[in-house]
Amino acid sequence: MPHNPTNPHRSPNARAFDLLVVGDVNPDIVVGPLDAPLAFGQREQLVDNGLLTLGGSAAIMACGAARLGLKVAFAGRVGDDEAGRFVVAALAARGVDTSAVRIDPALSTPLTVVVTRGDGDRTILTAPGTLAATRADDVPDALLGDCRHVHAASYFLMPHLARALPGLFRTAHDRGATTSLDTNDDPAGTWDKDGSQGLGALLAVTDILLPNAREARALAGLPEDTPLDTVAGQLAARGPLVVVKDGADGALAHNGRSAVRTPGIPARPLDTVGAGDSFDAGFVAAVLAGRSTADALELAAVCGALSTRAYGGTPAQPTWDEAHEAHQTHGAPAADAARTTTHRNGATLA
């Protein structure tokens, strides 16, 4: 997707990229909606829609940011197969630089099947392929010094990379970049609540943490009925600005002292796959454009809502102008606004 020259994110600094995204990329096969349980016993069930599209939390976020006008590079690993060639071409077609995507000659490209339901819920089946082999040296050192912001996703799917992320984020900080993390789901259900596997060290060098409500409670080790203010505040005490996505109920940001909220954006979603990743892209794009936390939260909610207008994670992602227009139409003033947060590397994220 061509860069949008009207987007205000572009900085006069000499860095080649606004954003480096590190993480997962794979084809998504999205089918649904299925309003009955999955039937085994060699039963065939019919659904209204099926789509082969670009998937992976990191990849969808990268495409959303590029669509919003950021200059984006992607670092990750795929197999030497048709699926790998498909996703690399799909990233490039959406304006994402793929020169740092590594081709693994031994392992297959990850593949995900998403089965959706009419109520917006979904189940996700993933064959990890190259994900478990993705590691620190898949991220070119030069890129860490040539971008304004580094985002990582799918922390629990890439154990080698997860162990290296604290060091990568520290290097990014040392070179003047800010950082963000979307852990996504933990298939093992352990969530590294005590940080013994490295998540605590990573949060200490993460500027923005972007979980959904269920993930936030799991990361904090708190019951499902714990108020999100409490959950986000506890996670924020570990270092980052915590931005929690809460579906139709909107979103919440907590800087460790106070919270800012935005309500949900009215939408009739066709498919919610990737909506959280499009939210992430909107929030990071708004922050890099110098918006306040409250404004960034509202614009991110708009980006997430607009992305549900089509099936798949990337086809309906908005441009900056589309998001801004919808923000002006639907954005509601946020209460209890924490307008600025200064992070450990001295950068101020409005």
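The values are calculated or read from the model by the stated rules, or taken from the named source; none is laboratory data. Computed from a predicted model, the values in this text were never measured in an experiment. Positions of Cβ are backbone-derived with ideal geometry, glycine not excepted, and every protein chain shown enters the neighbour counts.
Conditions tested, residue by residue: (1) over 19 Å from the mean Cα position of the chain (by Cα); (2) polar (S, T, N, Q).
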| residue | (1), (2) |
| --- | --- |
| Asn184 | no, yes |
| Gly221 | yes, no |
| Thr230 | yes, yes |
| Lys245 | no, no |
| Ala248 | no, no |
| Ala251 | no, no |
| field | Candidate set: segment 263-300, residues that are closer than 19 Å to Asp119 by Cα and of a type in the set (Gly, Ala, Ser); chosen: the one nearest to the chain's Cα centre (by Cα) | value | Gly276
| query | Any idea which residue in segment 106-116 is farthest from Ala36 (Cα to Cα), counting only those that are assigned to a loop (DSSP other than H, G, I, E, B) and not small (Gly, Ala, Ser)? | reply | Leu107
| field | Cβ pairs under 9 Å, 6+ apart, first in segment 163-176 and touching a residue at least 60 places away in the same chain (Cβ under 8 Å) and surrounded by 22 or more Cβ atoms within 10 Å (Cβ to Cβ), second part of a helix (DSSP H, G or I) and of a type in the set (Lys, Arg) | value | none
| remark: Those residues of segment 246-283 that are hydroxyl-bearing (Ser, Thr, Tyr), crowded, with 19+ Cβ neighbours inside 10 Å and at pLDDT below 95 come to a total of 2
| field | Pair list, Cβ under 7 Å, 6 or more apart: segment 108-126 residue of a type in the set (Gly, Ala, Ser), other residue at pLDDT below 95 | value | Gly118/Pro33; Gly118/Asp35; Gly120/Pro269; Gly120/Thr272
| said: Just to be sure I understand, how many residues within segment 14-33 are touching a His at 6+ places or on another chain (Cβ under 9 Å) and among the acidic types (Asp, Glu)? | reply: 1
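Can you tell me which residue in segment 238-255 is nearest to Asp119 (Cα to Cα), limited to those that are touching a Leu at 6+ places or on another chain (Cβ under 8 Å) and in a loop (DSSP other than H, G, I, E, B)?
Filtering first and then ranking leaves Asp246.
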| request: List the number of the failed condition for Asp182; all other conditions in (1) touching an Asp or Glu at 6+ places or on another chain (Cβ under 7 Å); (2) farther than 23 Å from Asp97 by Cα hold. | output: (2)
| query | Only one of these conditions is not met by Ile103: (1) touching a Gly at 6+ places or on another chain (Cβ under 8 Å); (2) in a loop (DSSP other than H, G, I, E, B); (3) not acidic (Asp, Glu). Which number is it? | reply | (2)
| request: Quick one: count up the residues across segment 144-155 that are in a helix (DSSP H, G or I) and either among the polar types (S, T, N, Q) or at pLDDT below 95 (or both). | output: 1
| task | Can you confirm whether segment 325-340 contains a residue that is modelled with pLDDT of 85 or more, part of a helix (DSSP H, G or I) and in contact with a Leu (Cβ under 9 Å, 6 or more places away or on another chain)? | result | yes
| Among the strands (runs of 3 or more DSSP E) contained in segment 14-84, which hold 1 or more residues that are touching a residue at least 24 places away in the same chain (Cβ under 8 Å) and within 14 Å of the chain's Cα centre (by Cα)? | 17-22, 49-55, 72-79
| All but one of (1) farther than 26 Å from Gly176 by Cβ; (2) touching a strand residue (DSSP E or B) at 6+ places or on another chain (Cβ under 6 Å) hold for Asp81; which doesn't? | (2)
| query | Within the set of pairs 6+ apart or on separate chains, which have a first residue in segment 201-222 that is over 14 Å from Asp186 (Cα atoms) and at pLDDT 95 or above, a second that is acidic (Asp, Glu) and surrounded by 22 or more Cβ atoms within 10 Å (Cβ to Cβ), and C-beta atoms under 6 Å apart? | reply | Leu210/Asp182; Leu210/Asp280
| request: Evaluate the following for Gly23: is it modelled with pLDDT of 95 or more, surrounded by fewer than 24 Cβ atoms within 10 Å (Cβ to Cβ) and touching a helix residue (DSSP H, G or I) at 6+ places or on another chain (Cβ under 9 Å)? | output: no
